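Report on the structure given below.
Every number in this text was worked out from the coordinates using simple rules, so none of it is lab data. Quantities reported herein were computed from a predicted structural model and do not represent experimental measurements. Glycine also receives a Cβ, built like all others from the backbone with ideal geometry; neighbour counts cover every protein chain displayed.
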Amino acid sequence: MKYYKNSALAQSILAQAATILIAFSLATVNVSSVHAQTAGAAAATQAALPETSLPYTVKPQDKLIVLTADLLKNAKDWPEVARFNRLNNPNQISPGQVINIPTRLKKSQPVNGKVVSTFGDVQLAGQPVAVGAAVAEGARLQTAANRTAVGELADASRVTLLPSTLAEIGTSRTYATRDAAASASSN
């Protein structure tokens, strides 16, 4: 697994935080055991990766404590954001400065993806699926041998499921943002 810190694709994917765990199976292998093994390997890989974060560019009149009240699940986590960004003085942030906010701290809402095409036997949560069906966090989409499907995530990226594939949507979220009007009114 590669990690592209500054690529437009990675930022787009992070902006919607769509994480997909895909497990491939062979006709002679139990799909659930392959998924469990792949999920374990994915967890080990993720532990080695740096923590995901989303950037925020500081506007005039912004203050870290006000920003975090707008953007974080718990406004009291602002010291953690300051540490994450190695801010010597959290009371002094400058316009144009980029503050990275860990995604695990940000306010978020789940968003569904959808099935955009199927060929043959494709199941969602063990039931036959139709084109247009919503795919929520934790959902499992599975293709049979010689069958395929295409899923579209909330950020409009698409994933093709090859024959004999089990895909589980780990997380699919949209994160709180702060517009210019909120920034100007936070004096």
Looking only at region 91-137, filter to residues that are closer than 17 Å to Arg158 by Cα, within 20 Å of the chain's Cα centre (by Cα) and not aliphatic (A, V, I, L, M); which one of those is surrounded by the most Cβ atoms within 10 Å (Cβ to Cβ)?
Gly113
Using beta carbons and a limit of 8 Å, which pairs, at least six apart or on different chains, have the first residue in region 116-129 and in contact (Cβ under 8 Å) with a residue 40 or more places away in the chain and the second one surrounded by 13 or more Cβ atoms within 10 Å (Cβ to Cβ)?
Val116/Val150; Val116/Gly151; Val116/Glu152
Within the group Leu141, Leu153, which residue is surrounded by 14 or more Cβ atoms within 10 Å (Cβ to Cβ) and touching a residue at least 60 places away in the same chain (Cβ under 8 Å)?
Leu153
